[in-house]
Amino acid sequence: MLADRKIPFSESKEEEWEILKQKTEGGIELMLEDSQRWFLATTEGDGIRITSAEKNVRPLAVREPPLIEFDEFKRVAGVYNEAFFGGIGDLSGRLEAHNSSPNMRYLFMLIYYLI
């Protein structure tokens, strides 16, 4: 499903980060495609906190709720389009982002649904 939306990111990725923070300000629940479980994303300070969903029936168990900050978002956003639309040679960028971002799957869902 994620392969159907190519995102025209700005050079700095700051515009998109601000969009995510605005859209998660009051809290929004999204589903992870791989587990069919829901998480809650809420703006907290200058970051986005990920916790277990509160309203959906199948919440994801988030034991240590991460706070995603701009630098992590920027790394993941930098490989988002290549991960779905690039060739086999682009897998190294996705692997590098995955290794540097334990929150990559949350960020992919936030980008896909909110930008």
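The values are calculated or read from the model by the stated rules, or taken from the named source; none is laboratory data. All values reported here derive from a predicted model rather than from experimental measurement. Note that we place each Cβ from the backbone using ideal geometry, even for glycine, and neighbour counts take in every protein chain shown. Keep in mind that these areas ignore ligands, DNA and RNA; they rest on the heavy atoms of the full protein, side chains included. Shrake-Rupley method; radii C 1.70, N 1.55, O 1.52, S 1.80 Å.
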Task: Which numbered condition Tyr80 misses (of (1) in a helix (DSSP H, G or I); (2) open to solvent by 20 Å² or more (accessible area, probe 1.4 Å)) - done: (2)
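Quick grid of which residues meet (1) within 11 Å of the chain's Cα centre (by Cα); (2) of a type outside the set (A, V, I, L, M); (3) modelled with pLDDT of 95 or more:
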residue	(1), (2), (3)
Lys23	no, yes, yes
Gln36	no, yes, no
Thr42	no, yes, yes
Gly47	no, yes, yes
Arg58	no, yes, no
Val62	no, no, no
Gly78	no, yes, no
Glu82	no, yes, no
Ile88	no, no, no
TODO: Please go through the range 25-34 and pick out each residue that is of a type in the set (D, E, K, R), outside any strand (DSSP E or B) and at pLDDT 95 or above.
DONE: Glu25
Open item on the list: Here's a check for you: in the range 43-61, which residue that is among the hydrophobic types (A, V, I, L, M, F, W, C) and surrounded by fewer than 17 Cβ atoms within 10 Å (Cβ to Cβ) is nearest to Glu18 (Cα to Cα)?
Closed with: Ala61
TODO: Search the range 94-115 for residues being outside any loop (DSSP other than H, G, I, E, B) and at pLDDT below 85, and hand back the single one that is surrounded by the fewest Cβ atoms within 10 Å (Cβ to Cβ).
DONE: Asn99
Open item on the list: Looking only at the range 1-41, count every residue that is surrounded by fewer than 16 Cβ atoms within 10 Å (Cβ to Cβ), within 24 Å of Glu64 (Cβ to Cβ) and hydroxyl-bearing (Ser, Thr, Tyr) and tell me the total.
Closed with: 1
- [ ] With the checklist (1) in a loop (DSSP other than H, G, I, E, B); (2) in contact (Cβ under 8 Å) with a residue 12 or more places away in the chain; (3) open to solvent by 40 Å² or more (accessible area, probe 1.4 Å) in hand, flag the one item Glu64 doesn't pass.
- [x] (2)
Task: Test set (1) in a loop (DSSP other than H, G, I, E, B); (2) more than 14 Å from Arg105 (Cα to Cα); (3) of a type outside the set (Lys, Arg) - Thr42 fails condition number - done: (1)
